[in-house]
1. Computed from the coordinates I sent, P(r) over Cα pairs in 5 Å bins from 0, in percent equals one of (1) 2, 14, 23, 19, 13, 11, 8, 6, 3, 1, 0; (2) 2, 10, 12, 11, 9, 7, 6, 6, 7, 7, 6, 5, 5, 3, 2, 1, 0, 0, 0; (3) 2, 9, 13, 20, 24, 16, 9, 5, 2, 1. Tell me the label.
2. Just the number please: accessible area per residue for the chain, 1.4 Å probe, all protein chains included, in Å².
3. At I49 and Q32, where each label point lies 7 Å from the Cα along Cα→Cβ, what is the point-to-point distance in nanometres?
4. Once neighbouring chains are kept in place and the probe is 1.4 Å, which whole percent of the accessible area of the range 34-87 is contributed by carbon and sulfur?
5. Would you mind checking the tilt of helix 69-98 against the longest principal axis of the Cα atoms of the chain, expressed as 0 to 90 degrees and rounded to 10?
6. Expressed as a rounded percentage, what relative contact order does the chain have, with Cα pairs under 8 Å and six or more residues apart?
Amino acid sequence: MKNENILTIGKFFFWLSFTLGNICLFGYLISQNEGFAFYGFMLLIFGSIINLLVVIGLMIYGVIIKSQLNVCMKASSIICINISIAILYYFIGISLIGS
């Protein structure tokens, strides 16, 4: 696999998770529709699992193909940026639902 393809995988899963998280958060903030909050928390659960599987897959691929390990680490790091964003959104969501 080419370096660009590996980085594209990382960027795709980052932007997918980030965009869906923003839709859920701002959808709830704007409409106060509980469905956005519910699906936001479901996104936290299933998105975390999917992103974790992608990171594990990239790491395994990088270990098997040693020349691609550095690129796989960069792609995994891009995906892992969402962890801090997801934690922030979780606390924002909990504070909004609780009030």
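The values are calculated or read from the model by the stated rules, or taken from the named source; none is laboratory data. Remember, it's a predicted structure, so these values are computed and weren't measured experimentally. Glycine gets a Cβ as well: all are built from the backbone with ideal geometry, and neighbour counts include every protein chain shown. Side chains are part of the model used for accessible areas, which takes the heavy atoms of the whole protein and leaves out ligands, DNA and RNA. Shrake-Rupley method; radii C 1.70, N 1.55, O 1.52, S 1.80 Å.
1. (1)
2. Per-residue value: 65 Å².
3. Here the modelled spin labels are 3.3 nm apart.
4. Ligands and nucleic acids excluded, carbon and sulfur reach 82 percent.
5. Roughly 10 degrees, rounded to the nearest 10.
6. Answer for the chain is 38 percent.
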